[in-house]
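Scroll down for the structure; my scribbles are underneath it.
No value in this document is a laboratory result; all are computed from the given coordinates. Predicted model, so just to flag it, every value in this text is computed and none were measured. Glycine also receives a Cβ, built like all others from the backbone with ideal geometry; neighbour counts cover every protein chain displayed.
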Amino acid sequence: MEGFAFWALAGLAAFCVGLSKGGAPAFGVLAVPLMSLVISPLTAAGLLLPVFIFSDIFGVWAYRSQINWRVVRIAVVGIVLGTLIGWSTARIVSDDHVRILIGVIGAVFAVTFILRSDPEGPARPAPVGRGVFWTTVAGFTSFVSHAGAPPWQVWTLPQRMPKLVFAGTTTMTFAIMNLLKVVPYYHLGQLQLHSLKVTAILCVPAVIAVFVGYQIVRIVPTRVFYAAVTWMLLGVSIKLIWDGVSAL
């Protein structure tokens with residue numbers, strides 16, 4: 001974990017983490033894929049978890065009055081299930097399979113968003129069954145690669161919550177999700193004391209990005225904002241799929 005390439009990508013990944021906690025969850029999906037270009041995806045996930053949790057503090061504070069608690073309560077059931085599934089399967093999934101999984105998740109989400117014919121369709125309710133299913137998927141993908149945003153958005157975007165409420169609800173849910181990972185990550189050996197210095201350094205750009213993300217969400221039109229993020233995600237995802245398939 002040294003050299004210009006590592007620190008450049010790690011700093012960018014941490015900044016993406018902060019942006020996601022500032023209310024732009026699509027950026028969070030980019031964090032592990034970016035670091036996976038220079039280190040193992042599982043190592044990247046463990047290294048970034050403290051950065052996610054530290055950033056959560058500031059994100060939750062920023063959106064403390066903009067949270068849909070009904071959605072959060074439904075989500076907790078699913079993310080607990082998804083975390084347990086991720087924990088129970090963590091030792092049987094190789095790094096290359098994880099790269100492919102992350103890439104496929106990101107690419108499918110990106111292509112779906114790009115091809116969506118009616119992004120401004122009518123608001124839908126928050127059904128419990130669909131909520132538990134998609135948040136279980138989100139809990140699993142978040143456990144594996146901090147990539148819980150795509151399945152989470154499959155359930156929450158159709159609800160058409162006000163932009164700040166959507167951001168606040170997402171931030172609170174993912175804060176809970178990240179705390180649930182601490183014990184499993186520790187037992188799996190993904191939280192390393194010798195990497196805490198690196199983590200502390202990465203927290204600096206992450207915290208700055210929380211407040212940058214908060215301002216972006218307030219100012220930039222939603223469609224323009226997510227279109228830019230989606231194309232970036234698609235590029236990184238294709239790269240990871242290629243790397244994983246080539247190695248296998």
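Results, tabulated for the structure shown:
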item: Leading residue at positive end of dipole, the stretch 158-248 (Cβ point charges), from ILE216, LEU233, GLN192; result: ILE216
item: Of VAL220, VAL98, VAL165, the one that fluctuates the most in a GNM where the chain has Cα springs shorter than 10 Å; result: VAL220
item: Loop-exposed trypsin sites (Lys or Arg not before Pro) per DSSP, neighbour cap 12 Cβ within 10 angstrom, longest uninterrupted part of the chain; result: 117-248
item: Simple Cβ-charge dipole of the chain, Lys/Arg +1 and Asp/Glu -1, about Cα centre, in debye nearest 20; result: 660
item: Among THR141, THR43, THR171, residue whose mean-square fluctuation peaks in a GNM of the chain (springs only between Cα atoms under 10 Å); result: THR43
item: Most mobile listed residue (ILE219, ILE100, ILE176) in the chain, GNM with C-alpha springs under 10 Å; result: ILE219
item: Relative contact order %, the chain, counting alpha carbon pairs below 8 Å whose residues are six or more apart; result: 39
item: Within the chain, helix-based [θ] at 222 nm, where runs of 4 or more DSSP H residues each add -39,500 (n - 2.57), nearest 500; result: -26000 deg cm²/dmol
item: Lysine pair number, Cα distance threshold 27 Å (strictly under), the chain, separation 8 or more or different chains; result: 6
item: For ARG160, distant residues with modelled amide H under 5 Å away; result: ARG124
